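Read-outs throughout are calculated quantities, based only on the coordinates presented, and are distinct from any laboratory measurement. These numbers were taken from a predicted model, which means no experiment stands behind them. Cβ coordinates were reconstructed from backbone atoms using ideal geometry, including for glycine residues, and neighbour counts include every protein chain displayed.
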């Protein structure tokens, strides 16, 4: 029974994986194409990346290479396809990518024309993060307030605050609702110890109901990564070691 359960679980996990196979868009029913778009901006480098995948039959179906007259443009730039490399959660198959630099625009659009000549336009937007103040010292023995110039989150958006120590160790604070101030629980910083740290912010927005799509729909996402801010942890306490439960003592 146990072996059967493990085998059944493996089948379920395998069936949930997205296909890495590829076909040409001219060979499929245009109404059965699932669209997936993503945009990511890095404030520190003023770098913009974007991409898309098209799948036949749903979110895990065969990836599609667009064939004329089908095409995809991102911000008025027509994108070419790539295959067999890792890009934003897609390994193998056919996908479309873009890289550029410049100031953050706040709103980005994809225009996809299918093989029947039908145009689909999908956009996504979010405001840039405007940090007002960050504590020069993060108190591991209390609370710490980070202030923003404007509301950092709108409906459907999430915020992740990462505090990183030199050497790679880090702590993430996931914020789902935020006013102009966010309060961090300093006790979570104890495991990082005292000393200099950097603080970065990542805001994400996901739309699972595209503005324009066939009946299978699709999704679009936008990620905003902030520059790094400097601070330092103080008053950190060493974690209390739990006694070894395997050791017994005699009174």
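What the table below lists for this structure:
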quantity: Cα point-scatterer Debye curve for the stretch 150-218, base-10 log of I(q)/I(0) at q = 0.16, 0.19 Å⁻¹; calculated: -0.67, -0.81
quantity: For the stretch 104-251: relative contact order, % (alpha-carbon pairs under 8 angstrom, 6 or more apart); calculated: 25
quantity: Added length on full extension, which subtracts the Cα-Cα distance from 0.36 nm per residue, residue 227 to residue 82; calculated: 49.3 nm
quantity: Over the stretch 60-191, equivalent-ellipsoid semi-axes from the Cα gyration tensor in Å; calculated: 40, 19, 13
quantity: Mean Cβ count within 10 Å, highest first, over the residues of peptides 115-124, 166-175; calculated: 115-124, 166-175
quantity: Cα pair count fraction exceeding 16 Å, expressed as % - the stretch 19-125; calculated: 56
quantity: Förster radius 41 Å - calculated FRET efficiency between residue 215 and residue 127 (Cβ-Cβ, nearest 0.05); calculated: 0.80
quantity: Relative contact order for the stretch 143-203, counting Cα pairs under 8 Å that sit 6 or more residues apart, in percent; calculated: 46
quantity: Alpha-carbon radius of gyration plus Dmax, which is the widest Cα pair, for the stretch 38-81 in Å; calculated: 13.2, 39
